[in-house]
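The structure appears right after this line, and notes come after that.
The values are calculated or read from the model by the stated rules, or taken from the named source; none is laboratory data. Treat the numbers as computed from the prediction; the structure is a model and nothing was measured. Because the Cβ atoms are built from the backbone with ideal geometry, glycine has one as well, and the counts that use them run over all protein chains shown. Just the protein is used for accessible areas: all its heavy atoms, side chains included, with ligands, DNA and RNA removed. Shrake-Rupley method; radii C 1.70, N 1.55, O 1.52, S 1.80 Å.
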2 protein chains.
Amino acid sequence: MPSATRRSGPDMRFPIAAFLLLLITMPFGPARAEDGYDLWLRYRPMEAAALAQYRPAAMGIVAEGTSPTLNAARDELLQGLSGLLDKRIASGAVADGAVVIGTPASSPQVAGLKLPLTALGPEGYLIRSVSLGGHPVTVIAANSDIGVLYGSFAFLRLIQTRQALARLDIASKPDIQIRALDHWDNLDGTIERGYAGHSIFDWHKIPDYMDPRYTVLARADASVGINAISLNNVSADAWMLSPLYIDKVAALAAVMRPYGIKVYVAARFSAPMEIGKLKTADPADPQVQAWWKQEADSIYRLIPDFGGFVVKANSEGQPGPRDYGKSQAEGANVIADALKPHGGTVFWRAFVYSEKDATDRAKQAYNEFKPQDGVFHDNVFVQTKNGAIDFQPREPVHPLFGAMPRTNLALEVQLTKEYLGFATHLVYLPVLWKEVLDWDTLAKGKGSTVARIIDGSLEGHARSAMVGVSNVGDDRNWSGSIFNQADWYGFGRMAWDLKISPEQIGREWLGMTFDNDPGFATAMIPLMMASREAVVDYMTPLGLHHLMATNSHYGPGPWVSDLSRPEWNPVYYHRADARGVGFDRTPSGSDATSQYAPPIAKLFAGPDIPEKFLLWFQHVAWDHKMKSGRTLWDELVVHYDTGIATVGQMRRSWDAAKPHVDSERWAQTAAFLAIQEKEARWWRDACIAYFETFSHMPMPAGHAAPPHDVAYYKAVYLPYAPGAPGVTSSPFKNTPKDPPKDLPVP
Amino acid sequence: MPSATRRSGPDMRFPIAAFLLLLITMPFGPARAEDGYDLWLRYRPMEAAALAQYRPAAMGIVAEGTSPTLNAARDELLQGLSGLLDKRIASGAVADGAVVIGTPASSPQVAGLKLPLTALGPEGYLIRSVSLGGHPVTVIAANSDIGVLYGSFAFLRLIQTRQALARLDIASKPDIQIRALDHWDNLDGTIERGYAGHSIFDWHKIPDYMDPRYTVLARADASVGINAISLNNVSADAWMLSPLYIDKVAALAAVMRPYGIKVYVAARFSAPMEIGKLKTADPADPQVQAWWKQEADSIYRLIPDFGGFVVKANSEGQPGPRDYGKSQAEGANVIADALKPHGGTVFWRAFVYSEKDATDRAKQAYNEFKPQDGVFHDNVFVQTKNGAIDFQPREPVHPLFGAMPRTNLALEVQLTKEYLGFATHLVYLPVLWKEVLDWDTLAKGKGSTVARIIDGSLEGHARSAMVGVSNVGDDRNWSGSIFNQADWYGFGRMAWDLKISPEQIGREWLGMTFDNDPGFATAMIPLMMASREAVVDYMTPLGLHHLMATNSHYGPGPWVSDLSRPEWNPVYYHRADARGVGFDRTPSGSDATSQYAPPIAKLFAGPDIPEKFLLWFQHVAWDHKMKSGRTLWDELVVHYDTGIATVGQMRRSWDAAKPHVDSERWAQTAAFLAIQEKEARWWRDACIAYFETFSHMPMPAGHAAPPHDVAYYKAVYLPYAPGAPGVTSSPFKNTPKDPPKDLPVP
């Protein structure tokens, strides 16, 4: 055997020998760096003490029956256990310490155990320590092959996080049926608001060449229970529905299928014209209806388990039913009806605001969608962002939650970090999502949480979905930073189990990704938990929002006031003036508060509003006395500085974590935290310098004034910030627009 | 120590023990795939028989003195030898089998040997078996630290390719002084004509985060002697010269510096206006001259060893001195004079053709530049593509070679494969370059080869340079395919040694990249050597050229005739009509032949023209009798089919190579070869179907007619082909331009 294959097939070189432990020289060559590619599926050998404890509990795999999904489960266990236990684990017969996997249908051994599987549903699993033919074994059982795969990943997780394997009796099933990630990838390889490189999907070579990374993507998604992905930007390209591209979609669906992942595509509403050559895309037109039906039929011929379409209609320039005087529901239902015979689903996005409507942007989606409650067909989800503006560091929950009881509502959150510092800022998002899920809308009295709305239990809906905007790109570490992987991991874990805590997710992820040392987690969990409030503090404290620079959304731009549409300007949102700052959304203002349940509406419009939402809903005097006793102005400054101080503490925590992390991943994270602190100061200094031009108040004692005046910060221009393809790049390509001669860089 | 560091620091876990060989359990976890990331620097353990032979010849490293470059040499040897010899190699004192590295200045041991180093020049090296203090050792010596690094890579190459280490006496120095790669990377991350993903340079995060890949890039370049890189697209963005970006350039220069690589940037000629806020970029304007001087001064303050500028002026829309009625030389000299005090260089590209000049495009660069011979200042290179059109599968050599004896001429070749099938076609480019280097211009009589022109020896020039357009992107395998790495490897080897054969380069690369089995090389070298003629045959046989689809340059488009500029249309180049095909460039036509030395001009204009250039220079009747006895039409068809047959043979050779290659790299290459064969048929069928509409001749016996008529091939439209940023993507984004309903895909 040539040396070229030395590393990739060591287990083939050494047939089973007489010795219990096979001793060979370890290669001394360049060790592959820990570059984050392996995500939380690293499967590195456990510490020696743990090996002795865990090896007897996983001596081999018993996998009866075969299917692509069962094979994936078996292979994952073989690979994972061999790595973790640092010995070759094989498939075989029942013996002491075996891990027996299967469904009653696939495995007579599992069937014979007569396990209580019914309540687990189609995706749940059971992991139980049992005796089989006199042998103590662990069984991983489910009603379906995919349940077995999920159980296998859960079993590996137990070992990866050093949980006890004795007397296991774990039953788990998902709270949410469709746990989806939307990739906002353009067909030219750019990613809208993507900060982890370019698209992982190499459309040009698909289907002729299928990159092995697609399979790793499927494994990673399945390992945390994600069972749906949408492949392209919601600002959709009609080409995606052409036969050329549907062939490519089918090839990706084939990769995803064994891992229980259904593929969706974002559909452009006007595709009946662009691809179908019709004169209209009016949903009332019979030819249009026939086109969607024929399109769906032809897709399902190639992809029998195709998920369906995600549609962004009449939003930010996208075509939609309103172009023809039809309602959002009329548009959604035509497409839904085409998918219905095949079991497909439409995710119809509620992220709309009109270029003609002068109503407070925060109110528009509610105004447009609430009257249509009950009109959407049952295979439609109205996919609603967690807040009414757009993925700000903190938003009050979207008022549509609780307002559409007769509609399937899907929650959309982001993993990519638009408005949150992009790839380099460490902001642990499960904290934000948990705040959203636990939000009590009071729609049907106390306990009407967002979690109970989206899982269907509050209104008795049969369908449920939670959607994340993916943070995956072709960066080697997949998500742009190592800690961004925690958001991917956490999204899947939380969509499966709405009650899981961010701390629990964090502990799992830290152990699987870095080190199971308890002291490490003790130091890191506070860092992760604090990171979300930090970004609120240093970017948009006390309910401020939408203060970022234009187009790129990179860095501060609270002064921007010259964009053509009023609601694109930060000044529209903060409304700073000589008296104070904040958007009056009380009944004396835009009255957005009235879109919430009456007790919440009253709270948000009154003096007892939680201060974290203060400036979102109220215009407040600069000298207003806060609960702390400080003036609003002083409190703002304190929050900005608290945010920076928190990042400083995060940096020190990370410095102390060096013994627990390999050098490459440590260094990258350290460099990113330094960027985060620098940019936190940039946000703080720019915003304080700007708001001071209204407040004219002195800095509170102990807080330094910004080193420059606001003109300095306004002049900062950084071209080519990532994630805004065709916006930051094109206009300045070759013809920089008035670049300052000595560009001030913060 | 936590398990997280297990793989990355094995040598730290085991202090020197009493046992000669340290035996430990090998990790059984998931082996990292052979994904091509390690290039030809894989350093995998040698086969057992070789270990016994090679270990005694490299027992340890003796490295006296330190410098960043000497440290890089020592570290590369330690890493490489430890990997290859599968044992820990350390630095230490002289002993039997030591490898002693250094310069007389850095190392008393080396100085004491009084080696004949003078003739090696500033970059050459000597590798010699000597006795030192009674110990047999190998010494790697040079006049400079960088020579030591080059020698260290050469020593590793000897082992990687299983050359004997006994009685070594190797002296080597480069034939060319500046061995440069130009990256055509845009600041927004796209790459002009790049087919290996997006830019490896993450400008947004530089200098705050320096990706470890930049260091690997430096190692790979240095390992083959590349000593200059230009960082950005020659269609340059003025931002590159802003202080913001020069800071980033400086950070990359710091990474490259220890590896002997000077950094250049492509400069936009109008930058004095865009960055400098001047009213003009007229090279005669004193303010413009002062601006360039001040710009150069400020760059050199940050980057004392900055290489200089690459300039594409008055070409394809770029600004240049002609905008002000000034000559190319006047433009180049102003910039050169600004660089001169710092030792910097201007690469002034000769790739120009005018939008107003109706002269045969093939003649224009010669017409514009030849009259300026002797006018360019001595730190200017006129950087000239190998052919007068643009990187076609085969072109006659550019007539400027031999025509500018008083000018420094640099040869520009491409590694990226525009017009050559992009990443997925296996076309081994050193074959093409060798054909160019060996071309005898007869400028000063027989032996006036391009090699002797660019190395300066023909005219006694003191400066020499060879430039490649890089094929590196952020694809995991760097170059878009494994075999494309051979072009990167080969460019460096050939620029160092103009006489090296493509076969020799191929053998080295195959051994370092895959396997040293002689049978493997015996099978692979013919594949690689045949690959270049294959692409000529299936795309543009017998001197045809520029037949590709518009914008993307992907796939055939010989019928295109509607572009605004005549020389953008394939019909301009092939001139097919009822009588025949080919561009009459004889004196009865455009008279481009007269730009060559008289004997060549006569040959190309006459009946004895080599048939491989026939249709480049002559319009030939379809029934013209070729040397084979066939008609031109039949000969064309035979060439097309020969090209396809060669690719078929390449596929079979690769199938047979499976035992020598790991599964991942084998599978990717196999998939790419399948794409290549499919697309070779597409080219053949489309071109034959099209040309048949002129020739009206039947297919020769045994050759099948294309399965479709020409209308079918014309209708093929594949959006988003890579490498043409802003062209393929933008116009069709969201609004596909008339996509056929059922898109024919070949």
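Observations on the structure shown:
- Test: residue in the stretch A:361-370 that is outside any helix (DSSP H, G or I) and open to solvent by 10 Å² or more (accessible area, probe 1.4 Å): no
- Reported count of residues in the stretch A:697-726, each being away from chain B (no Cβ under 14 Å), touching a residue at least 40 places away in the same chain (Cβ under 8 Å) and surrounded by fewer than 20 Cβ atoms within 10 Å (Cβ to Cβ), is 6.
- Test for residue B:304: is it of a type outside the set (Ser, Thr, Tyr), touching a His at 6+ places or on another chain (Cβ under 9 Å) and open to solvent by 10 Å² or more (accessible area, probe 1.4 Å): yes
- Residue within the stretch B:203-217 that is touching a Phe, Trp or Tyr at 6+ places or on another chain (Cβ under 7 Å), open to solvent by 20 Å² or more (accessible area, probe 1.4 Å) and over 24 Å from residue B:343 (Cα atoms) present: yes
- Restricting the first member to the stretch A:540-551 and to residues that are over 17 Å from residue A:710 (Cβ atoms), and the second to residues that are open to solvent by less than 10 Å² (accessible area, probe 1.4 Å) and modelled with pLDDT under 95, the beta-carbon pairs closer than 8 Å and six or more apart or on different chains are A:551/A:724.
- Selection of the stretch B:204-218 for residues being more than 21 Å from residue B:302 (Cα to Cα) and within 11 Å of another protein chain (Cβ to nearest Cβ) yields B:212, B:213, B:216.
- Matching residues, the stretch A:291-317, being under 18 Å from residue A:245 (Cβ atoms) and either at pLDDT below 95 or part of a helix (DSSP H, G or I) (or both): A:291, A:292, A:294, A:295, A:296, A:297, A:298, A:299, A:300, A:301, A:302
- The sole residue among B:343, B:325, B:374 that is open to solvent by 10 Å² or more (accessible area, probe 1.4 Å), free of Cβ contacts under 8 Å to residues at least 40 places away in the same chain and under 19 Å from residue B:467 (Cβ atoms) is B:343.
- Search result, residues across the stretch B:234-251 that are facing another protein chain (nearest Cβ under 7 Å) and either basic (Lys, Arg) or in a helix (DSSP H, G or I) (or both): B:238, B:239, B:243, B:244
- Of residues in the stretch B:519-555 being modelled with pLDDT under 95 and not aliphatic (A, V, I, L, M), the one most open to solvent (accessible area, probe 1.4 Å): B:551
- Test set (1) acidic (Asp, Glu); (2) without any contact (Cβ under 8 Å) to a residue 60 or more places away in the chain; (3) more than 30 Å from residue A:518 (Cα to Cα) - residue A:677 fails condition number: (3)
- Residue that is least open to solvent (accessible area, probe 1.4 Å), among those in the stretch A:679-696 that are more than 24 Å from residue A:534 (Cα to Cα) and not polar (S, T, N, Q): A:694
- Residue under evaluation residue B:559, criteria (1) touching a helix residue (DSSP H, G or I) at 6+ places or on another chain (Cβ under 9 Å); (2) more than 14 Å from chain A (Cβ to nearest Cβ); (3) farther than 17 Å from residue B:695 by Cβ, criterion not met: (3)
- Qualifying residue in the stretch B:177-195 (condition: of a type in the set (Ser, Thr, Tyr), away from chain A (no Cβ under 14 Å) and open to solvent by 10 Å² or more (accessible area, probe 1.4 Å)): no
- Residue B:551 being within 14 Å of another protein chain (Cβ to nearest Cβ), of a type outside the set (D, E, K, R), closer than 20 Å to residue B:388 by Cα and assigned to a loop (DSSP other than H, G, I, E, B): yes
- Here the stretch A:642-693 is the region considered, the condition is being of a type in the set (Gly, Ala, Ser) and away from chain B (no Cβ under 11 Å), and the residue that is nearest to residue A:483 (Cα to Cα) is A:653.
- Number of the condition not met by residue A:413 [criteria: (1) buried (at least 23 other Cβ atoms within 10 Å of the Cβ); (2) touching a strand residue (DSSP E or B) at 6+ places or on another chain (Cβ under 6 Å); (3) not in a loop (DSSP other than H, G, I, E, B)]: (1)
- Residue in the stretch B:279-299 that is away from chain A (no Cβ under 14 Å), closer than 30 Å to residue B:565 by Cα and buried (at least 22 other Cβ atoms within 10 Å of the Cβ) present: yes
- The stretch A:41-69 residues that are over 18 Å from residue A:158 (Cβ atoms), paired with ones that are open to solvent by 70 Å² or more (accessible area, probe 1.4 Å) and not in a loop (DSSP other than H, G, I, E, B) (beta carbon under 8 Å, 6 or more apart): A:64/A:108; A:68/A:257
- Of all residues in the stretch A:140-176, those satisfying the criterion of being open to solvent by less than 50 Å² (accessible area, probe 1.4 Å) and either within 14 Å of another protein chain (Cβ to nearest Cβ) or of a type in the set (Lys, Arg) (or both) are A:156, A:157, A:159, A:160, A:161.
- Those residues of the stretch A:95-115 which are farther than 19 Å from residue A:166 by Cα, surrounded by fewer than 15 Cβ atoms within 10 Å (Cβ to Cβ) and touching a residue at least 24 places away in the same chain (Cβ under 8 Å), in sequence order: A:105, A:108
- Residue in the stretch A:352-359 that is closer than 29 Å to residue A:668 by Cβ and either in a loop (DSSP other than H, G, I, E, B) or in contact (Cβ under 8 Å) with a residue 60 or more places away in the chain (or both) present: no
- Any hit, the stretch B:59-70, residues being within 14 Å of chain A (Cβ to nearest Cβ) and over 19 Å from residue B:128 (Cα atoms): no
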